[in-house]
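Student: Below is one structure. I have some questions about it.
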Amino acid sequence: MLDERQRTQWNRFREKMGVSAEKRAQCAKLSREHWPEDCKRTMKTADEVLSHTFLFQLPWDMEQTQEPVRFTGEIDWKYVLHEDPEFAYQMNRHRYWICLGQAYGLTGEEMYVKELVSQLQDWVKRVPWTEENEGLVWRTLEAGLRADYWVRAMALCADSPAVTEEAAEAFLEGLEVHAKRLYDNPKTGFSRKSNWGVMEFAGLYLLGFLLGNEEYVERSRWYLRHGLHVQIMDDGMQWEASPMYHNEVLMAYLEVLRVAEIWGDEPFSEEEIQVIGKMAAVTMNLKTPAGCQPMIGDSDDTDVRDLLSEAALLLESGSLKAGGFENLDYESIWLFGQEGFEEYRGLKALEQEAGLVELPSSGQVVMRSSWERDANMLYFINGPLGGGHGHQDKLHIGFWMDGEEVMTDSGRYTYIDVPVRYELKAARAHNVPMIRGMEYADSKNTWNYEALPQCFPNHACQKGEYLFVEGAHGGYADRGIFVRRRIVEVAWDILAVSDTFYGTMPEEIIQSFHFGETIGLSEAEGRVLGQGEKCSFVMRAFAEGEEASVELGTAPVSRHYNQLGQTKELVVSGKKVRTLTTFLVRRRGDQPVNITEETVVNGVNGRELTPSEAEGYVIEAGSRKIGLVLLHQEVGNQADYNGIRGVYGLGRTMVCDLGREPDHMTILQW
């Protein structure tokens, strides 16, 4: 039975965070009206949980599963599926208990509350905090998440007759243990720099108010503020370089803002709230045409528009609303109710201009034609590795045409120590240049690498319909080689990717390209033909002006944890050369596409530059005729005014529209 202190805590919880029957009915009505598919998913999950069947496929389940696990007797809270402890971690986060609360709101059926109470009491009794239970059940990350999820679930059920005093006692005693575990966290150094710490102390922050413990609140405030100053780069990206964990950290901070509003606290300064806003802006700027985060590092193909909707509401940002949903998202309806729904509806969406966005601290560049689902988009990353969730993706490129993903990242699939984990983390799984058969940083284990090669600052510029992006890294420095990638994009119809290896002559260099699952590839007359559901294109590759070798094959792709498929792969290669240049040109209907090499000529003395000095190309697609010049050295020494077909300039990377008879090159890089 509840003692006096617990009764005070319980009454305070119900008053501050409990959802009344009237508010549940409002949430259910709005959810059925605006998010019927989410309601179906909630009911499916809740009904599975009733039968002790666990399948983790909620959108923000960090480690989803693809096969159900059913317990016919007692639930084994320490169960490990296929030798992957992530199943146990995910099961013991109890995110699915929120679905029980939502199902109660959608149906009014007490059986969902009874199951929540039964599982909570069973869990508290059978897996108490002990050092023995720490590894699978009581990691501090799960403790922080559980604290939040328990409160969200119980808030939806607190007035149910199924929540007896014994159930409330188990709930509060369980949260007391969680709070002590989080407060006594021995790994404070790790927590200060890791996404774990933010999620841990977001949970303790909530518990501090619910349990009436100011020490918990104060310690949480300090760590949460510290995280904003230490973990968030100047461009707004969380330092671990994975969009998924960036967004998990953002979600934790948004939950702190929500809890602070409920309890009348101000945990952050205005400057710190602006940092949270910058984090949300990063999520928006990285959003793909489908509305998802890019699968960079250990990231899944997860829709971020719900997160942007919640951020827009909490931060009162019309700009963020433009990246979210028209109506408040499903989960936020249950958190903020009809009042939040109406407030979001009254927030005016401020559509952002499309175009070029640079995130210099994290080494990311995004260019998009619009914010619509049929947009064209280019993504480039050449930044620091970050934490254990980073992959060797320096100089990686992603590309979308008419909203269709043409070039993709390969994803993560698993964290366990198996070959595919290393395969998907490796540079070879990304759209990058490499020395044949040589990773520039081999994996040491599932979380660490043998080396941390440096990347160098990127450069990007847009001039009219021309986009230029450049990046470089020293991953092969111990072999005396420096790698530079240049990308030129023209009006979303022409993409050129040129990679140069400076220093010691490599035996053989390659470019790897991985394609979205809807893209089919075929080879014909030295060209690669690409066909998707929306787009068609031609690819041709050169090794210092000569035809490069191309190999078509397949490669693994993982859009969600524990999910593995196959996609098309193209490998371009050249021996005893320093530069590979690959073109991708949109094909409209039956229009001809021609990509030809042109000798670069000096406009002062008429000297023809060798392919190792410079390359020139003419790309013809329908009525378009574009000239491109790539110098592989500095301008100067009587090689300082160069061009093709009588059009000259003084840059290292230059382009022109030959169909308009230009009198000079447009210089994208001096």
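Student: Could you list all residues from the stretch 45-66 that are in contact with a Lys or Arg (Cβ under 9 Å, 6 or more places away or on another chain), of a type outside the set (A, V, I, L, M) and farther than 22 Å from K114 by Cβ?
Tutor: F56, Q57, P59, W60, D61
Student: Filter the stretch 200-243 down to the residues that are open to solvent by 10 Å² or more (accessible area, probe 1.4 Å) and under 24 Å from R12 (Cα atoms) and list them by number.
Tutor: If the condition is that a residue be open to solvent by 10 Å² or more (accessible area, probe 1.4 Å) and under 24 Å from R12 (Cα atoms), then A202, F209, L211, G212, N213, E214, E215, Y216, E218, R219, R221 are the ones that fit.
Student: Now for a separate question. Which of (1) β-branched (V, I, T); (2) open to solvent by less than 30 Å² (accessible area, probe 1.4 Å); (3) over 28 Å from F482 (Cα atoms) does V572 not meet, given it meets every other one?
Tutor: All conditions pass for V572, except number (3).
Student: Does the stretch 80-91 include one or more residues that are exposed (fewer than 14 other Cβ atoms within 10 Å of the Cβ) and over 27 Å from L307 (Cα atoms)? Don't jump to the end; show me each part of the working.
Tutor: Kept after step one, since they are exposed (fewer than 14 other Cβ atoms within 10 Å of the Cβ), are these residues of the stretch 80-91: 82-83.
After this cut, where a residue has to be over 27 Å from L307 (Cα atoms) as well, the list is 82-83.
Yes, the stretch 80-91 has at least one match.
Student: Is it true that some residue in the stretch 181-197 is of a type in the set (S, T, N, Q), surrounded by fewer than 17 Cβ atoms within 10 Å (Cβ to Cβ) and assigned to a helix (DSSP H, G or I)?
Tutor: yes
Student: Quick check: is even one residue across the stretch 99-112 without any contact (Cβ under 8 Å) to a residue 40 or more places away in the chain, crowded, with 21+ Cβ neighbours inside 10 Å and assigned to a helix (DSSP H, G or I)?
Tutor: No.
Student: Applying the selection to the stretch 50-79, what residues are more than 25 Å from T302 (Cα to Cα), open to solvent by less than 10 Å² (accessible area, probe 1.4 Å) and without any contact (Cβ under 8 Å) to a residue 60 or more places away in the chain?
Tutor: If the condition is that a residue be more than 25 Å from T302 (Cα to Cα), open to solvent by less than 10 Å² (accessible area, probe 1.4 Å) and without any contact (Cβ under 8 Å) to a residue 60 or more places away in the chain, then I75 is the only one that fits.
Student: Just name the residue that is nearest to the chain's Cα centre (by Cα) out of those in the stretch 268-306 that are surrounded by fewer than 20 Cβ atoms within 10 Å (Cβ to Cβ) and part of a loop (DSSP other than H, G, I, E, B).
Tutor: The qualifying residue nearest to the chain's Cα centre (by Cα) is G291.
Student: Still on this structure, please answer the following. Within 19 Å of the chain's Cα centre (by Cα), assigned to a helix (DSSP H, G or I) and either of a type in the set (A, V, I, L, M, F, W, C) or modelled with pLDDT of 95 or more (or both): does that describe L385?
Tutor: It is false that L385 is within 19 Å of the chain's Cα centre (by Cα), assigned to a helix (DSSP H, G or I) and either of a type in the set (A, V, I, L, M, F, W, C) or modelled with pLDDT of 95 or more (or both).
Student: A follow-up question, please. Those residues that are among the basic types (K, R), in a helix (DSSP H, G or I) and under 19 Å from Y205 (Cβ atoms), I need them from the stretch 126-179; list them, please. First the steps, then the outcome.
Tutor: Just the residues of the stretch 126-179 that are among the basic types (K, R), to begin with: 126, 139, 146, 152.
Imposing the further condition that a residue be in a helix (DSSP H, G or I) reduces the set to 126, 146, 152.
Result: R146, R152.
Student: While we're on this one: Under the condition of being of a type in the set (A, V, I, L, M, F, W, C) and in a strand (DSSP E or B), which residue from the stretch 577-613 is nearest to the chain's Cα centre (by Cα)?
Tutor: L584
Student: While we're on this one: Just wondering, is there one or more residues in the stretch 556-565 that are within 19 Å of D409 (Cα to Cα), in a strand (DSSP E or B), touching a strand residue (DSSP E or B) at 6+ places or on another chain (Cβ under 6 Å) and open to solvent by 10 Å² or more (accessible area, probe 1.4 Å)?
Tutor: Among the residues of the stretch 556-565, at least one is within 19 Å of D409 (Cα to Cα), in a strand (DSSP E or B), touching a strand residue (DSSP E or B) at 6+ places or on another chain (Cβ under 6 Å) and open to solvent by 10 Å² or more (accessible area, probe 1.4 Å), which makes the answer yes.
The values are calculated or read from the model by the stated rules, or taken from the named source; none is laboratory data. Only a predicted model underlies this, so the values are computations on that prediction, with no experimental measurement involved. Cβ sites come from the backbone with ideal geometry, for glycine too, and all protein chains shown count toward neighbours. What goes into the accessible areas is simple: the full protein's heavy atoms, side chains included, and nothing from ligands, DNA or RNA. Shrake-Rupley method; radii C 1.70, N 1.55, O 1.52, S 1.80 Å.
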